[in-house]
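To start, the structure itself, in structure tokens.
Here, each number is a calculation from the coordinates, and none is a lab measurement. Small disclaimer: the values here were computed from a predicted structure and weren't measured. All Cβ positions, glycine included, derive from the backbone under ideal geometry; neighbour counts span all protein chains shown.
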Amino acid sequence: VKEKIGFAGMGIMGCPMALNLLKAGYPLMVYNRSPDKKKPALEAGALGAADPLDLALWADVIILMLTGPDAVDDLLYGEKGLFVERSSLKTLINMSTVPSSYTRSLAGELAGHGIAFIDAPVSGSKKPAEDASLVILAGGNKDLADRYEPLFLSLGKKVVYCGEAGQGSEMKVAVNLLLAIMMEGLCEASNLAERNGLSLSTFLDVVQSGALHCPLFSAKGEMLKTRDYAPEFPLKHLLKDLRFALCSADTSGVPIPAGHAVYQLYRQGAGRGLGDRDFAAVKKILETQSDI
Ligand code: NAP
């Protein structure tokens, strides 16, 4: 018999992930702060929770897929939060992207209450969440991570064990630093090409025909062409992850000059109302900086 899963966070990522758990046969109860977003999971057969406390009372394993540390805190310590019934909490898996320092202190606190914990952020966006082809970046006790590998493989194609609690978060933050820089690089270079009379399609075709070929550039290249920045990974979330990267770099004394530069650009994007658009909209910020 499969363990009962309580899943909180029916956002861009959480909703398709919850649907994949149902497909894999897990008994599922879902919670989302704005109740409407539970609908697809309820229609697919999940039970609905009115508040996080319902999840704590019903589930064997709680999975969180929320914006970041503040949201996780609200879920845990809020008025009808999971911690109201902490004696019935057995296992918590946090798949949200949070700073590694936050994960380490959360792991310590949960251990003090005898609650098993895995830190399991994901690499991959909306489509991999739908196709169950995410890469799960697991941190914490290795035996526990191994035990939940079948569950993770119903959400993704691969589980990478990164080390003790916090190392999954650390891996995720490093990967998203690269993502932010690569996206900015694509936009910067394509603006240069376009401004100098080359077509965007031809530029992207050249990039994709050689050693720079990558799936990120094909997916985002389409967005650049249509200029439709419908959110797959909202810019405001990448900005949050860059803050975590700056923090981690500062603590460990690692230089991330490009990280600092792109942070300022994505920040301008959020300031100009692009926070809820896809992070590929950083192209618009670069376009508005033109001095011609
Ligand atoms: P999203 O669509 O914005 O969903 C965020 C979820 O968090 C929503 O369910 C939201 O509830 C909930 N939430 C936010 N603040 C809350 C609070 N204070 N209390 C309770 N619930 C709260 O974001 P997403 O794209 O699914 O991202 C979820 C996580 O995955 C983030 O950590 C993100 O960095 C990470 N991630 C995203 C992608 C991607 O491509 N989208 C890829 C990899 C990892 P409401 O609906 O009520 O607002």
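Observations
- For region 1-147: relative contact order, % (alpha-carbon pairs under 8 angstrom, 6 or more apart): 21 percent
- Only alpha carbons enter this Debye calculation for region 40-91, each as an equal point scatterer, and the log10 of I(q)/I(0) it gives at q = 0.16 Å⁻¹ is -0.47.
- Computed E for Ala193/Asp276 - FRET, C-beta separation, R0 25 angstrom, nearest 0.05: 0.35
- At R0 = 25 Å, FRET efficiency that the Cβ-Cβ distance of Ser133 and Ala230 yields, to 0.05: 0.80
- Simple label model, 7 Å out from Cα along Cβ direction - Leu153 to His260, nm: 4.5 nm
- Potential lengthening of the chain between Lys23 and Asp36 amounts to 2.6 nm, from the contour at 0.36 nm per residue minus the alpha-carbon distance.
- Global geometry of region 1-92, whether rounded, prolate or oblate, following the gyration tensor of its Cα atoms and the 1.5 cut on a/c: oblate
- Each residue of region 63-79 is assigned a 3J(HN,Hα), and the resulting list reads 10, 10, 9, 10, 3, x, x, 5, 5, 5, 4, 4, 4, 7, 10, x, 4 Hz, derived from the Karplus form 6.51 cos²θ - 1.76 cosθ + 1.60 (θ = phi - 60°), x at Gly and Pro.
- Measuring between their Cα centroids, region 131-150 and region 62-90 lie 20 Å from each other.
- Taking amide H atoms as placed 1.01 Å from N in the peptide plane, the amide H of Gly48 lies under 5 Å from those of Val30, each 5 or more residues away in sequence or on another chain.
- Under 5 Å from the amide H of Ile62 lie the amide H atoms of Gly6, Thr91, Leu92, Ile93, each residue being 5 or more positions distant or on a separate chain, with H modelled from the backbone and absent for Pro and chain starts.
- Label point 7 Å beyond Cα of Tyr161 along Cβ direction - residues of region 103-142 with amide nitrogen under 11 Å: 138-142
- In region 102-199, lysine pairs with alpha-carbon atoms under 17 angstrom apart (chain gap of 8 or more, or interchain): 8
- Residue of Leu274, Leu198, Leu55 that the Gaussian network model of the chain assigns the largest fluctuation, springs spanning Cα pairs under 10 Å: Leu198
- Taking only alpha carbon atoms, the chain gives an Rg to Rh ratio of 1.00, where Rh is the Kirkwood radius.
- 3J(HN,Hα) couplings calculated from phi for region 219-232 with the Karplus curve 6.51 cos²θ - 1.76 cosθ + 1.60 (θ = phi - 60°) are, in sequence order, 5, 6, x, 4, 5, 5, 5, 7, 6, 9, 9, 4, x, 9 Hz; Gly and Pro show x.
- In plain terms, the chain from Ser105 to Glu43 could stretch by 18.6 nm, reckoned as 0.36 nm per residue minus the Cα-Cα distance.
- Cβ-derived FRET efficiency at R0 22 Å, Glu3 paired with Glu79, nearest 0.05: 0.25
- In degrees, nearest ten, helix 235-252 long axis to first principal axis of the chain (Cα): 80 degrees
- Among His213, His237, His260: highest mean-square fluctuation, GNM of the chain, C-alpha pairs under 10 Å: His213
- The label-point distance for Gln289 and Met182, in a model that sets each label 7 Å from Cα toward Cβ, rounds to 2.1 nm.
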